[in-house]
Amino acid sequence: MVLVRHHYQLSGSSILSTAIAIIGTGYVGLTTGACLAHLGHKVVCADIDPEKIAKLQSGVIPIIELGLTELVNEGMSAGRLSFVVGSVEAAKSCDIAFLCVPTPQGEDGSADLSYVQQAAEEIAAVLPFEAIVVNKSTVPVGSTKVVERALKRPDVKVVSNPEFLREGSAVQDFLKPDRVVVGSDDQAAAMKVASLYDGLSTRVIITDPASAETIKYAANAFLATKLSFVNAVAAICEGVGADINDVVVGMGSDKRIGENFLRPGPGWGGSCFPKDSRALIKIAEDANYSFDLLKGVITVNDQQFERVVQKVVQAVGGETTEKTIAVWGLTFKAGTDDLRDSPSIEIIKRLLALGSKVQAFDPTVTNSKPGVPEQLNLSLSPIEVTVGADVLLVLTEWDDFKWISPTTIATTMNGKQIVDARNLLNRKDWEQVGFTYQGIGR
Ligand SMILES: NC(=O)c1ccc[n+]([C@@H]2O[C@H](COP(=O)([O-])OP(=O)(O)OC[C@H]3O[C@@H](n4cnc5c(N)ncnc54)[C@H](O)[C@@H]3O)[C@@H](O)[C@H]2O)c1
């Protein structure tokens, strides 16, 4: 049964304050904790990383996310938000514990539930009587039962409440969601979790755990499909002399299609789509269905990385060895500092493997950090990075890149080649000062 409820209360007017423990204070956990505190709940965020917690306790936010610093400060000053090391400390006096721990890709493509199981085992003994545990991590169908088994606490109900926020606009997405999904076999527990969001005006969909878990994977897989689809159409545009920018406006104006998520690019990535699409293929396999459509979506994405690499190869006349490529953008999208499964990193690795020298600038990556290839030279300015380069390759759609003067870059670079994998720059402006411009699908 799917029950749809609408709430029309003002933000911040939550009726009942609930004691909440957040287990895992990363992109999802920190946003969830800060936003629930904003809605009036009393929140304790826990993490196993003492460095992260020390930073948060002193008001330093370890990730880049618009509006998050303000919300964390607000919650801490109001005494509604605090940070502790270890899940036990947070869970021992909560009404509801949210599991926001990683679910990375396992060896066979399925989601690795070991962090979820571990967190549930840790808090099992200290959870107050009749507390509720919420799976906010993205977990495959059946994970509610996995958590129940790890908890071994018949009085504790487990509820699925998948998260749909996007990095870069996480706070906005949490406070103005398109919907809230709650999955449980226990109506009272589902209602209690749904009531946490009473301060938001949104649609709350209450369903069974399997449907809630499927909604999350299906939504991500569909978005990935849209992106692969538009990248495939972009490839056709290049072959037939059409302009993908006009094609997507024409397609997206159809309300059945919509303009969102129809922008061509270097391929999709990030911490969710790659692992979640592979996990859904595995879920389908276990349900005796071969999800060929989604397999194709992943193949098209891999081809897109290669198409960008080949544009660079073409720009340097076929010989990449010892050629210098300047890259603008390392994160998987603008507005975040997250490098996990970034298409930019994948494309850079392929260029390095072809013998190119690659130097890169990203406004959020000033020092080498996990995921950055060792041979990659990092630069501190978008202009400095272009010095002596044969090709400028735009891989992340940071707005600032749009306003850099082509005339300046014409004096710093060795060659006059641009590969704009985001169709971000104004083509005419660059061509006017002598650059050869290759975009995507144009
Ligand atoms: N990042 C996103 O955009 C996004 C969006 C929707 C859903 N999700 C899902 O949410 C989940 C979390 O993702 P994330 O991006 O926030 O991950 P993350 O890696 O940023 O954060 C996870 C945190 O959990 C901590 N942790 C691990 N085990 C712990 C334990 N036993 N006790 C306390 N803390 C522990 C880690 O130290 C880390 O800080 C994943 O399942 C992901 O698929 C992510």
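Given only helices, namely DSSP H runs of n ≥ 4 each adding -39500 (n - 2.57), what is the per-residue ellipticity at 222 nm of the chain, to the nearest 500 deg cm²/dmol?
-12000 deg cm²/dmol
Which order results if Tyr115, Tyr197, Tyr289 are arranged by neighbouring Cβ count within 10 Å, fewest first?
Tyr289, Tyr115, Tyr197
Need one number: nm distance between label points at Tyr289 and Asp208, each 7 Å from Cα along Cα→Cβ, rounded to one decimal.
Distance between label points: 1.5 nm.
Work out how much length Asp186 to Ile61 would gain on full extension: take 0.36 nm times their residue separation and subtract the Cα-Cα distance, in nm to one decimal.
Length gained, Asp186 through Ile61: 41.4 nm.
Starting from segment 192-285, pick out the trypsin sites (Lys or Arg not before Pro) whose DSSP state is loop and whose Cβ has at most 15 other Cβ atoms within 10 Å.
Here the sparse-neighbourhood loop sites are Lys255, Arg256.
What is the sum of charges around Thr324, taking Lys and Arg as +1, Asp and Glu as -1, for the other residues whose C-beta is under 14 Å from the C-beta of Thr324?
Surrounding charge for Thr324 is -1.
Would you please classify the overall shape of the chain from the alpha carbon gyration tensor, given that a ≥ b ≥ c denote the square roots of the eigenvalues, rounded means a/c under 1.5, and beyond that prolate means a/b larger than b/c while oblate covers the rest?
prolate
Tell me which residues come under 5 Å, amide H to amide H, from Gly168 once H is placed; ignore anything under 5 positions away on its chain.
Close amide H contacts, sequence-distant or interchain: Leu66.
Quickly work out the Lys145-to-Ser77 label distance, labels modelled 7 Å from Cα along the C-beta direction, and quote it in nm with one decimal.
A separation of 4.9 nm, rounded to one decimal place.
5 Å is the cut-off here: which amide hydrogens, built 1.01 Å from N in the peptide plane, fall below it relative to Phe98, excluding neighbours closer than 5 in sequence?
Ala21, Ile22, Ile23, Val134
Determine the percent antiparallel among the DSSP beta bridges restricted to segment 11-176, to the nearest 5.
5 percent
If the limit is 24 Å between Cα atoms, which of Lys192/Lys216; Lys176/Lys216; Lys92/Lys176 go over it?
In this structure, Lys92/Lys176 lie more than 24 Å apart at Cα.
Hey, got a sec? Which GluC sites (Glu not before Pro) in segment 357-432 land in a DSSP loop and have at most 12 other Cβ atoms within 10 Å?
Here the sparse-neighbourhood loop sites are Glu374.
Testing the spin-label approximation: label points 7 Å from Cα along Cα→Cβ at Glu259 and Asn367. State their distance in nm.
4.2 nm
To the nearest whole percent, what portion of all C-alpha pairs in segment 134-290 is separated by more than 29 angstrom?
Value for segment 134-290: 30 percent of Cα pairs lie more than 29 Å apart.
If you fit an axis through the alpha-carbon atoms of helix 27-38 and take the longest principal axis of the Cα set of the chain, what angle between them do you get, 0 to 90°, nearest 10?
Helix 27-38 sits at roughly 50 degrees to that axis.
Cα gyration tensor of segment 299-438, axes a ≥ b ≥ c as square roots of the eigenvalues: rounded (a/c below 1.5), prolate (a/b > b/c) or oblate?
rounded
Determine the relative contact order of the chain: mean sequence separation of Cα pairs under 8 Å and six or more apart, normalised by residue count, in whole percent.
In percent, rounded to a whole number, it is 13.
Read the figures in this text as sums done on the coordinates, not as results from a lab. As the structure is a prediction and not an experimental result, all values here were calculated from the model. Note: ideal-geometry Cβ built from the backbone for every residue, glycine included; neighbour counts use all protein chains shown.
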